[in-house]
There are 2 protein chains.
Amino acid sequence: MGRESSGPLRLLRETHEERVLSVLRTRGPLTRAQLAEHTNLSRATLSSIVQTLLSNQTLTERRGEETGSAVRGRGRPVSVVTLNPAGGLALGMDLGQRRIQVTIANVAHEFVASGAVACAERTPWARRLQLALDLVDDLTTRHDMSLNSLAGIGVGVVGPVPADADPSGLVRSSDRVALVRDTLRERFGVPVFVDNNTRLAALAEAVWGAGSGVDSALYLRLSYGVGGGLVLGGRLFAGAGGAAGELGHISVDHDGPPCSCGGRGCLERYVSLTTLQAQCDNILDARDQKARDLLADAGARIGEVLAAACNTVNPEVVVIGGELAETGDHLFKPLGAAFRRFTHSQVHRTVRVTRAVLGPDAAARGGIALVLTATPAEPEWRRTSCS
Amino acid sequence: MGRESSGPLRLLRETHEERVLSVLRTRGPLTRAQLAEHTNLSRATLSSIVQTLLSNQTLTERRGEETGSAVRGRGRPVSVVTLNPAGGLALGMDLGQRRIQVTIANVAHEFVASGAVACAERTPWARRLQLALDLVDDLTTRHDMSLNSLAGIGVGVVGPVPADADPSGLVRSSDRVALVRDTLRERFGVPVFVDNNTRLAALAEAVWGAGSGVDSALYLRLSYGVGGGLVLGGRLFAGAGGAAGELGHISVDHDGPPCSCGGRGCLERYVSLTTLQAQCDNILDARDQKARDLLADAGARIGEVLAAACNTVNPEVVVIGGELAETGDHLFKPLGAAFRRFTHSQVHRTVRVTRAVLGPDAAARGGIALVLTATPAEPEWRRTSCS
């Protein structure tokens, strides 16, 4: 089964190799048992493929204790295989409301460089992009790193990003998305993927964070805005218009005020940090009784919206991030009570509601995950030599 | 590329053949262009495979006008390929509240026999099952049909059916599900799939009905109960506990009465036929002013729930079935207004809300779709000879 094999055998084998490479690229380091499960290949076939890929240095092997996600909760150290870290880089950017983040990882899911700068809320998009490019230069210089093997760039931006395949044709890619995509594509000559930064944080939590290893995760971000994302089978689910997971715009009051989204009485109007801080300066300080009361009200409304969302998709896990989530039980207790109160028993018995675990670089990490799931797993030399 | 090929070439080719067979089994008759799109195979590879499969009579070819779904809206008749109708049968059953339905189709998606009997609401499960078995006997006798080539049975039952893979382990298969599955498996010796009958109706609408051809469909059934289902990528999405799409149990009133589902103020309590008929005997007769008023209220509540569900998954289409949907605009106009009022603009611009088109055999058809998506596409002789 070596490389001298005849044409069709090579093709069949390469189909299997691609499956192995694609799973490792998307999921990171895995034990051989996990790899067998995810690729659906027999142990014998897998063993032969892994051996070849190790010997030609496409893969590397190491002790499991070095990679938390693959061996969670196991006492015994196991061996995990991963793509060779030298196999390529992915760059994630978050052009956030008040913060620009750049993070770089390799195809082995190792985060190799990360940096951020603050920016004013109304900074123009061209300027935000320049700040991000300066960060890239700074990081590559500081870490003496080349971007020659860059596979792609994933960028989070504030606000809605329509799905490319919008069937109605009514929602067009906005100017800011086009600016970011075109500038980066020209500068780096690699594929560029742009999505809403909250959705990218959802993806990162599902790959490396509180939803790691599950098949379906619903993410809610409670910050100055309220957004979310839905991750199914390890990929962001966009829906017909790219707006799946827009939990901040589920109505909690029929008679509430109109929202810029086109809806009315949207959750965001009641539980965003902007709204809550207008009512209490110390909203994040649970020693303040008024803050606690407001958090209890907010938690109840959030729990009700999550109940509606979970009766719709019944995900394995709901991950809640953003500054407001850091208030802990003051928010989560009333939230949990409302969630139980308004969900089908089959739903609340099977859904785990938990806090996000990634830091402020979550959206940039999500950009990296987007690159790793969306760019091909096979090396460039094979794609060109085999066509 | 004939059947005399060497081992590895045959394996590679069979991998491709299986993809072709699986797509045709799931989607029914397709043009060659549609088949290329769904299998992601090159025109040349596909053409060679289709030629072989036609010549060994695994596939058949016919004029497109015979199969509505493959060539909708096209003026020019085209040729479609399909699995050979002789390749096997799938049996669908609906053990409904007041009606037992049995429908039989072949793997070419042709419905070959169908029958139903009424039953009283409190008929025991063993008796319902016997009625269904009598119907099967009656149909096979009347159509002079053998069930030797039966691939599987898909059965819809009333009430929740927990996911097999319930991670919590708290929700167990109920007695009625076990009774149905064990009895039918023993009697026919084929795989038996049991799911909630509303969810099966959702699947049927997505495969053969109002959602045919779309990638994501949310289904709502408005009858004596209110249920739903979520179909993603041509398959029922169960969620962690099998309760995805439980739209009837989304709360529309925080202070509403407790529901048997464990929730409170559930939509079902307000818009089920049972509730509405208690308020107005003529609820389905739009000449009655009181009926119209009640339908307007119900439509508004339903629209609001659908808005929450669509802000969560942003499906391509929402399909609404059940007796209440037959009241048409009296329900759909207020429903549509509320839906627009409470959805994100990106969502309501991309989601189509439409009436179900299948009749009372929808759930039985869904059972057939379940069999065709869940049982292997390759013929038995290959599976046994190749292992």
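The values are calculated or read from the model by the stated rules, or taken from the named source; none is laboratory data. Being a predicted model, the structure only gives us computed values, none of them experimental. Heads up, the Cβs are rebuilt from the backbone with ideal geometry, glycines too, and the neighbour counts pull from every protein chain shown. Each accessible area value is taken on the protein alone, full model and side chains, heavy atoms only, with ligands, DNA and RNA left out. Shrake-Rupley method; radii C 1.70, N 1.55, O 1.52, S 1.80 Å.
With the requirement that a residue be more than 12 Å from every other protein chain (Cβ to nearest Cβ) and either over 8 Å from the mean Cα position of the chain (by Cα) or under 12 Å from residue B:318 (Cα atoms) (or both), what does segment B:195-207 give you?
B:195, B:197, B:198, B:202, B:205, B:206
Any residue that is farther than 24 Å from residue B:268 by Cβ and out of contact with any strand residue (DSSP E or B) (no Cβ under 9 Å at 6 or more places or on another chain) - is there at least one of those in segment B:216-233?
No.
Please work out which residue is farthest from the chain's Cα centre (by Cα), limiting yourself to segment B:86-98 and to residues that are at pLDDT 95 or above and open to solvent by 10 Å² or more (accessible area, probe 1.4 Å).
Top of the filtered list is B:89.
Can you confirm whether residue A:62 is open to solvent by less than 60 Å² (accessible area, probe 1.4 Å) and not in a helix (DSSP H, G or I)?
Spelling it out, residue A:62 is indeed open to solvent by less than 60 Å² (accessible area, probe 1.4 Å) and not in a helix (DSSP H, G or I).
Kindly evaluate residue A:230 against the criterion of being within 18 Å of the chain's Cα centre (by Cα) and within 20 Å of residue B:302 (Cα to Cα).
no
Can you tell me which residue is farthest from residue B:107 (Cα to Cα) among those in segment B:23-51 that are assigned to a helix (DSSP H, G or I), of a type in the set (S, T, N, Q) and in contact with a helix residue (DSSP H, G or I) (Cβ under 8 Å, 6 or more places away or on another chain)?
B:45
Could you check segment A:271-289 and list, in sequence order, the residues that are touching a Lys or Arg at 6+ places or on another chain (Cβ under 8 Å) and open to solvent by less than 50 Å² (accessible area, probe 1.4 Å)?
The answer is A:271, A:275, A:280, A:286.
Tell me which residues, restricted to segment B:258-297, are touching a strand residue (DSSP E or B) at 6+ places or on another chain (Cβ under 8 Å) and within 14 Å of chain A (Cβ to nearest Cβ).
B:258, B:259, B:263, B:264, B:265, B:266, B:267, B:268
Condition first: open to solvent by 10 Å² or more (accessible area, probe 1.4 Å), within 19 Å of the chain's Cα centre (by Cα) and within 14 Å of chain A (Cβ to nearest Cβ). Now tell me which residues in segment B:306-359 satisfy that.
B:316, B:352, B:353, B:354, listed by residue number.
Which one of these does residue A:245 not meet: (1) within 14 Å of another protein chain (Cβ to nearest Cβ); (2) touching a Leu at 6+ places or on another chain (Cβ under 6 Å); (3) open to solvent by 30 Å² or more (accessible area, probe 1.4 Å)?
Among (1) within 14 Å of another protein chain (Cβ to nearest Cβ); (2) touching a Leu at 6+ places or on another chain (Cβ under 6 Å); (3) open to solvent by 30 Å² or more (accessible area, probe 1.4 Å), the lone unmet condition for residue A:245 is (3).
Between A:194, A:177, A:271, A:252, which is in contact (Cβ under 8 Å) with a residue 12 or more places away in the chain, of a type in the set (Val, Ile, Thr), assigned by TED's automatic domain parsing to the domain that holds residue A:303 and out of contact with any Leu (no Cβ under 6 Å at 6 or more places or on another chain)?
A:271
Does segment A:239-259 hold any residues that are more than 21 Å from residue A:322 (Cα to Cα) and of a type in the set (Gly, Ala, Ser), and which are they?
Matches in segment A:239-259: A:239, A:240, A:241, A:242, A:256.
Out of segment A:106-125, which residues are assigned to a loop (DSSP other than H, G, I, E, B) and exposed (fewer than 14 other Cβ atoms within 10 Å of the Cβ)?
Listed by number, the residues that qualify are A:120, A:121, A:122, A:124.
Quick check on this structure: which one of B:228, B:211 is within 14 Å of chain A (Cβ to nearest Cβ), touching a Leu at 6+ places or on another chain (Cβ under 7 Å) and open to solvent by less than 10 Å² (accessible area, probe 1.4 Å)?
Testing whether each residue is within 14 Å of chain A (Cβ to nearest Cβ), touching a Leu at 6+ places or on another chain (Cβ under 7 Å) and open to solvent by less than 10 Å² (accessible area, probe 1.4 Å) leaves just B:228.
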